[in-house]
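Peer 1: Quick one: the structure is below, questions incoming.
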Amino acid sequence: QVQLVESGGGLVQAGGSLRLSCAASASVSIGSIWGWYRQAPGKQRELVASITRGDATNYADSVKGRFTISRDNARLAMDLQMNSLKPEDTGAYYCNVKYGGFTSWGRGTQVTVSS
């Protein structure tokens with residue numbers, strides 16, 4: 001089993017930056033896809049960004065040019081650098097990994113953007 005733990009969330013003013021990190025308890029199989037999702041109160045969870053083992057990336061239109069997803073195999077970690085944050089970026093951010101037909105989720109980290 002793979003356990004995921006997110007960190008780096010917090011309260012920041014509009015225009016500020018945060019860096020989220022997702023740490024995995026074990027390596028995943030070849031062909032894995034990592035992603036960051038977010039969920040605002042009363043809303044459905046949505047994909048923010050994803051990255052493949054081959055480092056192909058994909059971003060939601062709302063975050064293109066502002067967020068950068070990356071992974072570090074040595075650290076068994078995935079990061080999300082968030083710049084120029086907006087109030088609409090507020091929500092619980094979840095780390096996800098798909099591998100060998102399995103899907104694992106972290107418990108989430110809260111990001112709140114004010115003013």
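Peer 1: Mind listing whichever residues of region 73-110 are under 15 Å from Q1 (Cα atoms) and among the small types (G, A, S)?
Peer 2: Answer for region 73-110, where residues must be under 15 Å from Q1 (Cα atoms) and among the small types (G, A, S): G100, G101, S104, G106.
Peer 1: In region 34-62, what residues are more than 14 Å from the chain's Cα centre (by Cα), within 20 Å of G9 (Cα to Cα) and open to solvent by 70 Å² or more (accessible area, probe 1.4 Å)?
Peer 2: P41, G42, K43, Q44
Peer 1: Follow-up question, since we're still on this one. Of all residues in region 75-111 being surrounded by fewer than 21 Cβ atoms within 10 Å (Cβ to Cβ) and touching a helix residue (DSSP H, G or I) at 6+ places or on another chain (Cβ under 9 Å), which is nearest to G15 (Cα to Cα)?
Peer 2: Applying the filter and picking the extreme gives K86.
Peer 1: So is L11 touching a residue at least 24 places away in the same chain (Cβ under 8 Å), surrounded by fewer than 17 Cβ atoms within 10 Å (Cβ to Cβ) and either part of a strand (DSSP E or B) or in contact with a helix residue (DSSP H, G or I) (Cβ under 7 Å, 6 or more places away or on another chain) (or both) or not?
Peer 2: Working: touching a residue at least 24 places away in the same chain (Cβ under 8 Å): yes; surrounded by fewer than 17 Cβ atoms within 10 Å (Cβ to Cβ): yes; either part of a strand (DSSP E or B) or in contact with a helix residue (DSSP H, G or I) (Cβ under 7 Å, 6 or more places away or on another chain) (or both): yes.
Answer is yes for this residue.
Peer 1: Inspect all residues belonging to region 20-33 and state whether any of them is surrounded by fewer than 20 Cβ atoms within 10 Å (Cβ to Cβ), under 9 Å from the mean Cα position of the chain (by Cα) and closer than 14 Å to R71 by Cβ. Steps first, please.
Peer 2: Within region 20-33, the subset surrounded by fewer than 20 Cβ atoms within 10 Å (Cβ to Cβ) is 21, 23, 25-33.
Checking the rest, the ones that are also under 9 Å from the mean Cα position of the chain (by Cα) come to 21.
Filter once more, keeping what is closer than 14 Å to R71 by Cβ: 21.
Looking through region 20-33, at least one residue is surrounded by fewer than 20 Cβ atoms within 10 Å (Cβ to Cβ), under 9 Å from the mean Cα position of the chain (by Cα) and closer than 14 Å to R71 by Cβ.
Peer 1: Would you mind finding the one in R71, R53 that is more than 16 Å from S21 (Cβ to Cβ), modelled with pLDDT under 95 and among the basic types (K, R)? Step through it out loud before you land on a result.
Peer 2: Working: R71 fails: more than 16 Å from S21 (Cβ to Cβ).
Selected residue: R53, the only one of R71, R53 that is more than 16 Å from S21 (Cβ to Cβ), modelled with pLDDT under 95 and among the basic types (K, R).
The values are calculated or read from the model by the stated rules, or taken from the named source; none is laboratory data. Computed from a predicted model, the values in this text were never measured in an experiment. Cβ sites come from the backbone with ideal geometry, for glycine too, and all protein chains shown count toward neighbours. Surface accessibility is based on the protein's heavy atoms, side chains included, excluding ligands, DNA and RNA. Shrake-Rupley method; radii C 1.70, N 1.55, O 1.52, S 1.80 Å.
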